Amino acid sequence: MADFTSNVPRHRGHHVKRGTEFLVYFSIIFVLAIPFAAVGWVLDVFQKQTLMLHGPLARAWAEADRITPLIFSA
């Protein structure tokens, strides 16, 4: 039986190597999501009466980060 208590493998975090194709799709989706995220952000600002929200670029980035892996999982 192996003893793994003394030499525990080190994890380097949650870094995922993404290829060129992934970055191309991510960039396209990000650019296309910016106008929709901006409109959603403006509506949220008027509804909630605050600027303490994620901005349009952060929203577009999150949307692209959510959609792009779905394309590659299919």
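The values are calculated or read from the model by the stated rules, or taken from the named source; none is laboratory data. Remember, predicted model here, so these are calculated numbers, not experimental data. All Cβ positions, glycine included, derive from the backbone under ideal geometry; neighbour counts span all protein chains shown.
Look at Phe22 and say whether it is at pLDDT 95 or above and under 14 Å from the mean Cα position of the chain (by Cα). Considered against the rule, which asks whether it is at pLDDT 95 or above and under 14 Å from the mean Cα position of the chain (by Cα), Phe22 comes out as no.
Yes or no: Val45 over 20 Å from the mean Cα position of the chain (by Cα) and either at pLDDT 85 or above or polar (S, T, N, Q) (or both)? Considered against the rule, which asks whether it is over 20 Å from the mean Cα position of the chain (by Cα) and either at pLDDT 85 or above or polar (S, T, N, Q) (or both), Val45 comes out as yes.
Pairs meeting the criteria (first residue in region 50-74 and over 18 Å from Val31 (Cβ atoms), second residue assigned to a helix (DSSP H, G or I), beta carbons under 6 Å, at least 6 apart or on different chains) are Leu53/Asp44.
Among the residues of region 53-62, none qualifies, meaning not one is among the aromatic types (Phe, Trp, Tyr) and modelled with pLDDT under 95.
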